[in-house]
Amino acid sequence: MAENATVWEVFIQSKNGLAHKHAGNVHADDKVMALENARELYTRRNEGSCIWVVKSEYIISSETEDSEAFFDPSNDKMYRHPTFYTMPEGSKHI
Amino acid sequence: MNEIKFQERIDAEKKIEPKDWMPDAYRKHLIRQISQHAHSEIIGMQPEGNWITRAPSLRAKMILLAKVQDEAGHGLYLYSACETLGISREELVKQLHDGKAKYSSIFNYPTLSWADMGAVGWLVDGAAIVNQVSLQRTSYGPYSRGMVKICKEESFHQRQGYEIMAEMAKGTPEQKAMAQDALNRFWWPSIMMFGPQDSDSPRTGNAMKWKIKRQTNDDLRQDFINKTVGQAELIGLTIPDTDLKWNAERGSYDFGEMDWDEFWSVVNGNGPCNKQRLAHHKKAHDEGKWVRDAAKAHAKKQEVVAN
């Protein structure tokens, strides 16, 4: 039996000006085929204005199990949020 | 320890992702269920593909083509989800060909008339939707996301089927008889799509505990029957079950005994079309080999040019 084709992750921009969002993946042997397969599989109902495909092997992911430690540095920095600050009574447009 | 933590995450309604630790039996259960689901989408293209060249109008033909193409897409979403559990697409297809993996028995029944396209869309897709809506809340992330996508696309399938039935039911007496005949043949296999009764479903316990399934076979079946009876009445067709009647106390329809001997006989390979469905899949797969080989050779050639 033939070995698996390469797996590509698919990112779709739904409208001009918006960010590309992960939609899923496709199997394909080269990049043109990957784009065409992604179009057939993920945009049959006008879901996209642009598609990115990238080989799955190039995606690096953080570990869900370590997420607490990994994201810990941002936990105690509430001063990064605007609600942290006390504004003088009656101040406007700020 | 791992197992306790895992169950805590499940109980807290957290999704399990591919790289997370999971019990072996959870992984195995998912591979079996998702691959069976994927194979059903793919094999399910055959009974409908059977009518593409004979659709009664251009409109009907275009719709049927789009529907069959959707089924292919749904199969691919599901294979993708299944592959995240560490099994390859090739292995999945091999298990189907070897008879190790099953697909929904409903597709082992023949589609004899155009009205069957109505019955399949209305009842078979209708039953699948009830199941898939429930599975949107399954605990395995990739499976859940696949279900969300599928549910979005699937409702047109059921509506186009019901439209066919409604039109035939108000057509000539012969057309109405065809619609009724299709309903007669597809009703019982459709409600058996939800699987054995809970009392005979040994795997339901774990599947519910792990929140792979969110409702039992019997609950889903009842939900489908409650939804469908009124639809049949509205278009003047009769569900072929003399025991079917509203039970005000339960707020549900009571219904007759299902023929589980027939169900298991079809599951075990003795339905009207089991051999034909599998043989056709193998043939298409084998005959497509040169295309896969050519795509690989072409990709290789481009790499050489690029370097």
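Read the figures in this text as sums done on the coordinates, not as results from a lab. This structure is a prediction, so every number in the text was calculated from the model and none was measured. Glycine gets a Cβ as well: all are built from the backbone with ideal geometry, and neighbour counts include every protein chain shown.
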Study note, to complete from the structure: Projected convex hull area of the stretch B:1-147, Cα atoms, direction-averaged, in nm², equals 9.4
Check your understanding: Relative to the compact globular guide of 2.2 N^0.38 Å, what is the alpha carbon radius of gyration of the stretch B:172-307, as a ratio?
Key -> 1.61
Exercise for review: Apply the membrane-span-like helix rule to chain B: whole DSSP H runs, Cα extent along the own long axis of at least 30 Å, mean Kyte-Doolittle hydropathy at least -0.5. List the helices found.
Suggested key: B:58-83
**Study point:** Neighbour-count ranking [beta-carbon atoms within 10 angstrom, fewest first] of B:120, B:291
**Key:** B:291, B:120
Practice item. Return the single residue from B:294, B:66, B:25 with maximal mean-square fluctuation; model: Gaussian network over chain B, springs between Cα atoms under 10 Å. Key: B:294
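Please tell me the relative contact order of the stretch B:96-214 in percent, rounded to the nearest whole number, where contacts are Cα pairs under 8 Å and at least six residues apart.
36
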Study note, to complete from the structure: So, over other residues within a Cβ distance under 14 Å of residue B:166, counting Lys, Arg +1 and Asp, Glu -1, the net charge is 0
Exercise for review: Compute the distance in nm between two label points, each set 7 Å from the Cα along the Cα-to-Cβ direction, one at residue B:11 and one at residue B:167.
Suggested key: 5.4
Review point. Under the definition of partner shielding as Cβ atoms of other protein chains within 10 Å of a residue Cβ, what is the mean value for peptide B:53-61?
Key: 0
**Study point:** Rel. contact order, % - alpha carbon contacts under 8 angstrom, at least six apart, the stretch B:31-131
**Key:** 41
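Find the relative contact order for the stretch B:172-265 and round it to a whole percent, using C-alpha pairs within less than 8 Å whose residues are 6+ positions apart.
Reported relative contact order: 27 percent.
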Check your understanding: Under a point-charge model restricted to the Cβ atoms of Lys and Arg (+1) and Asp and Glu (-1), what is the dipole moment magnitude of the stretch B:102-219 relative to its Cα centre, in debye to the nearest 20?
Key -> 660
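Any of B:102/B:289; A:77/B:14; B:100/B:245; A:15/B:67; B:275/B:300; B:5/B:149 with alpha carbons more than 31 Å apart? Name them for me.
Checking Cα-Cα distances, B:100/B:245; B:275/B:300 exceed 31 Å.
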Review point. What is chain A by shape, rounded, prolate or oblate, if you read a ≥ b ≥ c off the alpha carbon gyration tensor as root eigenvalues and call it rounded for a/c under 1.5, prolate for a/b larger than b/c, and oblate otherwise?
Key: oblate
Review point. In the P(r) worked out for the protein assembly as shown, what percent of Cα pairs fall beyond 34 Å?
Key: 39
Review point. Looking only at other chains, what is the average number of their beta-carbon atoms within 10 angstrom of each beta-carbon in A:21-33?
Key: 4
Check your understanding: Using the Cα gyration tensor of chain B, with a ≥ b ≥ c the square roots of its eigenvalues, what is the shape: rounded (a/c below 1.5), prolate (a/b larger than b/c) or oblate (neither)?
Key -> oblate
Exercise for review: Inverting the mean 1/r over all pairs of different Cα atoms, compute the Kirkwood radius of the stretch B:135-244 and quote it in Å.
Suggested key: 16.0
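How would you classify the stretch B:1-58 from its alpha-carbon gyration tensor, with a ≥ b ≥ c the square roots of the eigenvalues: rounded for a/c under 1.5, else prolate if a/b is greater than b/c, otherwise oblate?
prolate
Arrange the peptides A:8-18, B:176-186, B:82-92 so that the one whose residues have, on average, the most other Cβ atoms within 10 Å appears first.
Working: A:8-18: 15.5, B:176-186: 20.5, B:82-92: 17.9.
Highest-to-lowest ranking by the protection proxy: B:176-186, B:82-92, A:8-18.
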Check your understanding: GNM on chain B, C-alpha springs below 10 Å: top fluctuator among B:40, B:144, B:199?
Key -> B:199
